[in-house]
Amino acid sequence: MTETLEQVPRIPTGPRPARLCPECKGSKLIRDYDTAEVVCMTCGFVVTDKIADSRPEWRAFDDEQRAKRARTGAPMTFTIHDKGLSTIIDWRDRPSGTKSVSADQRIELYKLRKWQRRVRVSDATERNLAVALSELSKLSAALTLPKNILETASVIYRRAIKKRLIRGRSIHNVTAAAIYMSCRQCGVPRTLDEIASVSTLNKKDIGRSYRFMLRELGMFVPPSANRSYAARFSNRLVISGKAEGIAIRMLEIARQMKLTSGRGPAGIAAASTYIATVLTNERKTQREIAEIANVTEVTIRNRYKELLEKLMIEVPL
């Protein structure tokens with residue numbers, strides 16, 4: 001079996017991994033695991049021999065076989081207070097390999113399970129972290145966010161606990177602020193209004209916690225990308241790729257002309273999407289776009305007039 005070096009991670013073959021053929025200076029090298037050699041595809045020169053195979057010695061043809069034969073546990077994650085390194089006692093009262101248990105054994109299993117849950121959370125800080133990470137998981141699921149957002153938010157909350165910024169503050173407000181900060185850092189378009197509606201919290205309280213954490217943690221959060229909002233609105237409105245491209249191009253020109261400074265990203269992205277639907281004859285009403293963008297129709301009209309005037313766009317009546 002052979003694999004190209006450009007498709008797989010480098011395998012150490014000495015002081016430095018081989019990348020160029022010493023004979024022809026070519027870069028097209030393959031690993032042949034059957035002969036344990038690294039061979040140049042251009043001239044056939046054997047660059048390295050006796051390489052180590054880092055793959056497992058077993059094969060699996062489906063997920064069930066892979067789970068049974070793997071000898072490693074789940075990967076470490078920051079979304080669990082103990083990083084997923086501890087074990088749990090199964091909720092079933094029947095141990096594996098036995099048909100039934102007696103009443104005394106069932107009571108003993110219940111006690112062991114209860115004490116095992118207690119020892120996983122040793123002090124107040126871990127208890128706070130366990131509650132907060134559970135709340136982060138709920139918010140992430142409600143907002144349909146990818147796993148990297150949840151991981152980043154968990155790291156942010158852990159940093160806040162380490163600096164003792166949580167004392168005297170609501171866990172729910174801080175977790176919502178961590179989710180918003182994580183979305184901003186990873187470039188996922190989510191507004192404070194959306195997070196506030198899902199978490200049933202006050203938008204001002206979340207914003208206040210967000211600014212406090214931003215200042216105390218000394219973190220840099222890039223400004224929201226208008227094009228991300230435009231792409232999201234286009235998907236939800238089910239408009240063509242041509243209209244989406246026009247809206248994104250319009251936002252890019254507006255950014256270069258500094259028309260987006262001091263403007264909410266959702267409002268100006270909604271206005272550009274509305275103009276794009278008019279230009280491509282896929283007309284959507286301002287009310288439809290306002291409901292999806294979670295802004296008012298007045299905001300869309302104001303940004304619409306600004307873009308038409310500054311960019312000198314003529315739209316058909």
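Rule-based calculations on the coordinates, nothing more; no lab input. Everything numeric in this text was worked out from a predicted model, so none of it was measured. Glycine gets a Cβ as well: all are built from the backbone with ideal geometry, and neighbour counts include every protein chain shown.
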Quiz item: Using the per-residue mean of other Cβ atoms lying within 10 Å as a proxy for protection, in what order, highest first, do the peptides 222-230, 55-63, 301-309, 267-275 fall?
Solution: 267-275, 222-230, 301-309, 55-63
Quiz prompt | Listed residue (Leu129, Thr200, Cys186) projecting farthest to the positive dipole end of region 92-206, Cβ model | solution = Leu129
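I'm checking a number: the convex hull volume of the Cα atoms of the chain, normalised per residue, in Å³. What is it?
For the chain, the hull spanned by Cα atoms encloses 265 Å³ per residue.
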Quiz item: Of Lys204/Lys310; Lys138/Lys203; Lys258/Lys284; Lys203/Lys284, which sit over 25 Å apart, Cα to Cα?
Solution: Lys204/Lys310; Lys258/Lys284; Lys203/Lys284
Quiz item: Can you give the extra length, in nm with one decimal, that the chain gains between Glu282 and Leu217 once fully stretched, where that is 0.36 nm per residue apart less the Cα-Cα distance?
Solution: 18.8 nm
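Of the peptides 163-169, 254-260, 289-295, how do they stack up when ordered by the mean number of other Cβ atoms within 10 Å, highest first?
Sorting 163-169, 254-260, 289-295 by mean packing, highest first, produces 289-295, 254-260, 163-169.
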Practice problem: Run down the lysines and flag those whose C-alpha is under 28 Å from the C-alpha of Lys50, throwing out any fewer than 8 positions away in its chain. | Solution: Lys25, Lys28
Exercise. Starting from the Cα-Cα distance between Thr200 and Lys25, subtract it from 0.36 nm times their residue separation and give me the gain in nm to one decimal.
Key: 56.7 nm
Practice problem: Mind putting a number on the dipole of the chain about its Cα centre? Charges go on the C-beta only, +1 for Lys and Arg and -1 for Asp and Glu, and I need it in Debye to the nearest 20. | Solution: 1300
Exercise. Would you calculate the separation in nanometres between label points at Val238 and Val131, each defined as 7 Å from the Cα along the Cα-to-beta-carbon direction?
Key: 4.4
Quiz item: Given the Cα-Cα distance of Lys50 and Gln65 and 0.36 nm per residue of separation, how much length would full extension add, in nm?
Solution: 2.4 nm
